[in-house]
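The values are calculated or read from the model by the stated rules, or taken from the named source; none is laboratory data. Source: prediction; values computed, not measured. Cβ placement follows ideal geometry from the backbone for every residue including glycine, while neighbour counts extend to all protein chains displayed. Keep in mind that these areas ignore ligands, DNA and RNA; they rest on the heavy atoms of the full protein, side chains included. Shrake-Rupley method; radii C 1.70, N 1.55, O 1.52, S 1.80 Å.
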Amino acid sequence: MINKFILVTGLLLLLSLPAGLALADNGPHGGYTASTDACAGCHRAHTAPAPKLLVNAVPDLCFTCHGSTGQGADTNVVDGQYFDRDIDSTDSGEGVNNRGLKGGGFVNALIDTNFDGTATSTPVTSAHLNDGSSGTAWGNGTFGSGPGATGFGLSCTSCHDPHGRASSTGSATYRLLRFVPFNSGGSGRNVTDETNKLYTVSNANNKYFGEGYAAGGTWLQMDSQEAQLSEWCMQCHTRYLAGTGSGNTSSTDPVFSYRHLSHGAPTGGAACQKCHNWSLPSPPFLTTTAGPEWHHYVECMSCHVAHGTSATMNGYAGIVEWPDGTTSPSGDGRSSLLRADGRGVCQRCHGK
Amino acid sequence: MSRSPITISSVIIITCLFLVFGLTTIAKAQNNPHGNYSAATDACGACHRTHTGMGVALRASVEQGDDFCLNCHDGSGVPATAPVVSTHANVNFSGGSEASFQLTCIQCHEPHGTSNLSSIREAVIINTTLNLTTGPVVFAATSSANSFDDGNSNPVSHICVTCHINSENAGYPMAFHTGGVNHIGNFNYAGQNCIACHPHSADDDPTTLDGFMPIGGCTNCHAAAQDNGDNIPVGGRRAVVDEFGRTSHHVQGSVTDADCLVCHVMATHTNGYVQLKNVDNTIIYDEMVWGSFRADEISNTISKALQPFCLSCHDSDGAGGNTTPFSDGQTVPNIKGGTLWAESAHNTGETTNTGYGCLGDGSTSGCHATAHGSNINSLLAPSDGSSGSNNVNQEEGFCYTCHNGSTVAKDIEAEFMRTSHHDVNDGEQTANGSALECTNCHNPHRVKNSNRLSDPDNTQQLWAGTDTNFCLACHDGNPPAGVSFPTTFNGTGFDKSNYSGSSHSTNLDGYGCRHCHSEHGSTYGSLLVGQYRKSHHQTFTTSDYSLCWTCHNTSTVTADQSAFPEHRRHVVNQNSPCIHCHDVHAPYDVGEPGLINFVYGVTKMDVSLNGRTPSNYSTAFRAISGAQWGCYLLCHAQGNLNSDDHDPQPYSRGSADTIGNSCTTCHYSGGPAPVLTVQTVSPQFNIYLPIILKNFGREKSAIPATPPLPSAMNQPQKSSIYLPIIAR
């Protein structure tokens, strides 16, 4: 009798967690065994109300666990915060409770965008689409192909493979990222998964700018997640990927002609001298005038978050035309997933 | 695709944002978007595009170099805060003395801002090829300390000097830009705002390469008030260019620098003291005390001393032989007029004072406020029109300032306030459509006590004709320009051209109009000096025609002692005024005896020409035969039911009429020998009348006590030479 009770209780408990345990490339997202139960977390074989036999449509299905009230995952991507709320105790150390997620949020975000040392949950001003609706994938396509791909549908599953092992070789990838994002036209890029997952930013005040993707928020050498991510992002935003010297050498593209470095290390004496003064007595010849956010590498994630930002865009920053020459939306709607208000991302490095 | 850094729509948006978010968002300092960046600055977006740059350094448009800067600094007003500039160059400047040169914006400016004003670099790039710099430059103010050239700190710290003293700079040596104490007129400009004369664009056209070239000192600098705080002169220099756009001003049109130099000397320019030059010689008039040449501060002594300066142009040869010295091509009025101004009452003061100069406050000194311009006519004071810019204050009212019994004893203003007067009053002119000012008769630069009149047809000349002709200059049916008569009148009209040759005129020659009229105003109608009733149906009294009795005996009417034996019936019994049948100025038909003229009676009264044939003015009164004359007015028409009607009644002009005053009215024994003039027009009437000659200055005390003058002639300033007038 007791055994039956334990069995029933266990089954009820399992069924009460339809999203399963929120562990990337494990839990419901991959790592399936021959007798896996994870399928039932999202699918119904005969009674599914949504396509692909899903118990709910994307993104609502995703938000069942990763939303504001979900209990199946600690990563609340709706509000861009990490809550230690699921019952899995094995995820301890994958994030700091109540802290902002590295990718920001789709509805709210917890980002210190003005560098005042504090952050409050604030509605996002820009975010990647997640509901399958269409927008423009700016910069998608080859040089000379216009400002980007219009009618570009995007949802959670466009980028993330909920079944895990999304690499071209079947291994796990960083954040379940697909080898080739849907509709991107890219040739594929595997982003190596973290050894020890860390979903939250390292800064206790949720200051995103300067956040690295290695343990402790530090920046890694080339071929790290940051660099891999730039190459992964460029599958959609093809012409945004710019190497060193692109700011002073035209790509010949009429729109994306001169482009800020987005993948690699700044070069030139002036760039080095932002931090280093060779007249100083010993390596690394660091000067006191160097900005704390100046790094050897500049990648997409140096300035942008993946999901959504609450950064505000006033004045000139809010009236910068879009690549197709239009100016709407303007103001905060022009925040473009930036990690800081206005052109704070520029100023934090260039220190003008 | 070229994209301007800032579009018009962008400006609208940014303006809205400015209003919403305030200064802390956009206008962080005067340098926005060039500097003073906050951690969340928006300014980068003004010039740069992170992924879609159109030029090197991620610039937002394809224009490079200075052209990129001109995307905003082109005077388009987008954004409105961007000043119009041309790069420092003389390439498109015709007045450049140096070799051709052209700088770029970033040689002096750091687009991302510095601690200096206007993002001036601390290390100014003096040679782009060699990448040589100079400095450190401190530029914290546009004048005084740490300005363009404050004259005190290290020269290399002055934004202008730091290049111009460096041999690597195109402007070195400063042979053509001496600066300092040798800049212009040996004046030291240290501490002054250089861009007042050397603006960032000489012609406000950003496409021309003429930045900081001199813009021509006078009109450009003095278009605005200048006060660099040194209290030189007190209160700073006032803006003067706009003064040439006032109601009256020298130079018709836009004043040029050359116009300024017609009168001004630049030797000590900008030291606060005005210098004027006599164009006929080398005399310089220095303003020894700041402001002492200003109309509201000038003394009459200084005003008199400056008079030759004004007259050096306002004479017959203009400015040293150039009668059109200004750019407007207008001929300089000859105020001097040989000796006319010198002899004029306003210059000499006659017996009142020592006279006046030209410049002044209009009361204690000269009449003209400034040579630049005045808000009232003829450059009169006060130039700002503070006394009121209405016509009264710039016409007769201005004259009354002195000619009201105060400065000048005779109260002309009071004369014009009398019952009848010449309509110099502005309000009356507005009401009746007339035009007449004091200066139509009296040129203030000409008249004097011995000749108070100027020629109405040429006011630059004193009047040299008879009194009668002076009046007829206007009352001849063809008044001078600027003179017009009221549209309505109460007498026989303003055209008195027929007066000449009439019996009154002939017999009163030398007396003229002023025998019966006062020139300014009178308590009697029509400016008459005595009573002369024009209305009818009023009971006759002798006083109704007291003006007539000054020459005519009352018995000519009351006792029919005249050629017309029915005067008593008409005038006394029927109460008909003289004007019923007479126009004292002229008969209707030339030569007709007795000044018979029915025009007034017909047009203004109840006399009618309708009746017997012929029935017009000429035939209403006509000779019948010999000395017999008849009247043919309706009131005399046969068969008329009016009881007074009757046939024309011929009458013979008598041979023994005694209508004149007695001989002793004019002549007396024991007095000065009279000058007698005997006219033999007719032997029938001998009327002896007092003649007022032209020696008006003679005082009453010089007139013999007896016999008494006729009452109407008893005017103190007039002559007492009596001539017999022989009339018919």
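Which one of the conditions (1) at pLDDT 85 or above; (2) away from chain A (no Cβ under 14 Å); (3) part of a loop (DSSP other than H, G, I, E, B) does B:Gly96 fail to meet, given that it meets all the rest? All conditions are met except number (1). Of all the criteria given as (1) surrounded by 18 or more Cβ atoms within 10 Å (Cβ to Cβ); (2) modelled with pLDDT under 90; (3) not hydroxyl-bearing (Ser, Thr, Tyr), the one not satisfied by B:Leu528 is (2).
Could we say that B:Val289 is touching a residue at least 12 places away in the same chain (Cβ under 8 Å) and not in a strand (DSSP E or B) here? When the stated conditions are applied, B:Val289 does not pass them. In a loop (DSSP other than H, G, I, E, B), open to solvent by 30 Å² or more (accessible area, probe 1.4 Å), farther than 21 Å from B:Leu462 by Cα and not aliphatic (A, V, I, L, M): is that true of B:Asp361 in this structure? Yes.
Looking at B:Thr439, B:Thr407, which one is closer than 21 Å to B:Asp361 by Cβ and over 20 Å from the mean Cα position of the chain (by Cα)? Outline the logic, then answer.
Details: B:Thr439 fails: over 20 Å from the mean Cα position of the chain (by Cα).
After ruling out the rest, the residue left standing is B:Thr407.
Determine, yes or no, whether A:Lys207 is open to solvent by 40 Å² or more (accessible area, probe 1.4 Å), basic (Lys, Arg) and at pLDDT below 70. Working first, answer last.
Working: open to solvent by 40 Å² or more (accessible area, probe 1.4 Å): yes; basic (Lys, Arg): yes; at pLDDT below 70: no.
When the stated conditions are applied, A:Lys207 does not pass them.
Here B:Thr81 does not fit the description of being on the phi < 0 side of the Ramachandran plot, in a loop (DSSP other than H, G, I, E, B) and either modelled with pLDDT of 85 or more or of a type in the set (Phe, Trp, Tyr) (or both). Within the range B:465-501, restricting attention to residues that are open to solvent by less than 40 Å² (accessible area, probe 1.4 Å) and hydroxyl-bearing (Ser, Thr, Tyr), the residue that is farthest from the chain's Cα centre (by Cα) is B:Tyr499. Just one of the listed residues (B:Ala80, B:Ala57) is surrounded by fewer than 22 Cβ atoms within 10 Å (Cβ to Cβ) and at the interface with chain A (Cβ under 8 Å from one of its Cβ atoms), namely B:Ala57.
Taking the stated definitions as given, is B:Ser316 of a type in the set (Ser, Thr, Tyr) and either open to solvent by less than 30 Å² (accessible area, probe 1.4 Å) or under 23 Å from B:Glu396 (Cα atoms) (or both)? No. Could you give me the residue pairs with C-beta distances under 6 Å whose first residue belongs to the range B:74-88 and is within 18 Å of B:Asp210 (Cα to Cα), whose second residue is among the charged types (D, E, K, R) and surrounded by fewer than 16 Cβ atoms within 10 Å (Cβ to Cβ) wherever it lies, and which are 6+ apart or on separate chains? Filtered contacts from the range B:74-88: B:Val84/B:Asp204.
Restricting the search to the range B:539-574, which residues are closer than 15 Å to B:Gly601 by Cα and surrounded by fewer than 17 Cβ atoms within 10 Å (Cβ to Cβ)?
Step one: filter the range B:539-574 for residues closer than 15 Å to B:Gly601 by Cα, giving B:570-571, B:574.
Correct list: B:Gln574 only.
For B:Ile126, the conditions (1) closer than 26 Å to B:Phe68 by Cβ; (2) under 52 Å from the mean Cα position of the chain (by Cα) are fulfilled apart from (2). Scanning the range A:252-261 for residues that are of a type outside the set (Val, Ile, Thr), more than 7 Å from chain B (Cβ to nearest Cβ) and open to solvent by 20 Å² or more (accessible area, probe 1.4 Å) turns up just one, A:Leu261.
The residue that is farthest from the other protein chains (Cβ to nearest Cβ), counting only those in the range A:338-352 that are in a loop (DSSP other than H, G, I, E, B) and buried (at least 21 other Cβ atoms within 10 Å of the Cβ), is A:Arg339. Could you list all residues from the range B:255-279 that are farther than 24 Å from B:Ile302 by Cα, in contact with a Phe, Trp or Tyr (Cβ under 8 Å, 6 or more places away or on another chain) and open to solvent by 30 Å² or more (accessible area, probe 1.4 Å)? Within the range B:255-279, none qualify.
Here the range A:302-319 is the region considered, the condition is being part of a loop (DSSP other than H, G, I, E, B) and either open to solvent by less than 10 Å² (accessible area, probe 1.4 Å) or more than 9 Å from chain B (Cβ to nearest Cβ) (or both), and the residue that is nearest to B:Asn32 (Cα to Cα) is A:Met313.
Out of A:Gly146, A:Gly153, A:Gly139, one residue alone is within 14 Å of chain B (Cβ to nearest Cβ), under 19 Å from the mean Cα position of the chain (by Cα) and surrounded by 14 or more Cβ atoms within 10 Å (Cβ to Cβ). It is A:Gly139. Here A:Lys52 meets each of (1) crowded, with 20+ Cβ neighbours inside 10 Å; (2) more than 25 Å from A:Ser302 (Cβ to Cβ); (3) basic (Lys, Arg) with one exception, condition (1).
The residue that is most open to solvent (accessible area, probe 1.4 Å), among those in the range B:292-306 that are in a loop (DSSP other than H, G, I, E, B) and of a type in the set (D, E, K, R), is B:Asp296.
Considering the range B:505-525, and only residues there that are part of a loop (DSSP other than H, G, I, E, B) and open to solvent by less than 50 Å² (accessible area, probe 1.4 Å), the residue that is modelled with the lowest pLDDT turns out to be B:Gly510. Filtering A:Ser167, A:Ser171, A:Ser133 for residues that are of a type in the set (Gly, Ala, Ser), open to solvent by 30 Å² or more (accessible area, probe 1.4 Å) and assigned to a loop (DSSP other than H, G, I, E, B) leaves a single hit, A:Ser171. Which residues, counting only those in the range B:426-464, are in contact with an Asp or Glu (Cβ under 7 Å, 6 or more places away or on another chain), in a loop (DSSP other than H, G, I, E, B) and surrounded by 15 or more Cβ atoms within 10 Å (Cβ to Cβ)? Scanning the range B:426-464 gives B:Ser434, B:Leu436, B:Glu437, B:Trp463. Kindly check whether there is at least one residue in the range A:88-107 that is within 14 Å of chain B (Cβ to nearest Cβ), surrounded by fewer than 22 Cβ atoms within 10 Å (Cβ to Cβ) and on the phi < 0 side of the Ramachandran plot. The answer is no, given that none of the residues of the range A:88-107 is within 14 Å of chain B (Cβ to nearest Cβ), surrounded by fewer than 22 Cβ atoms within 10 Å (Cβ to Cβ) and on the phi < 0 side of the Ramachandran plot. Annotation: B:Gln107 fulfils all but one of (1) of a type in the set (S, T, N, Q); (2) under 21 Å from B:Thr81 (Cβ atoms); (3) modelled with pLDDT of 90 or more; the unmet one is (2).
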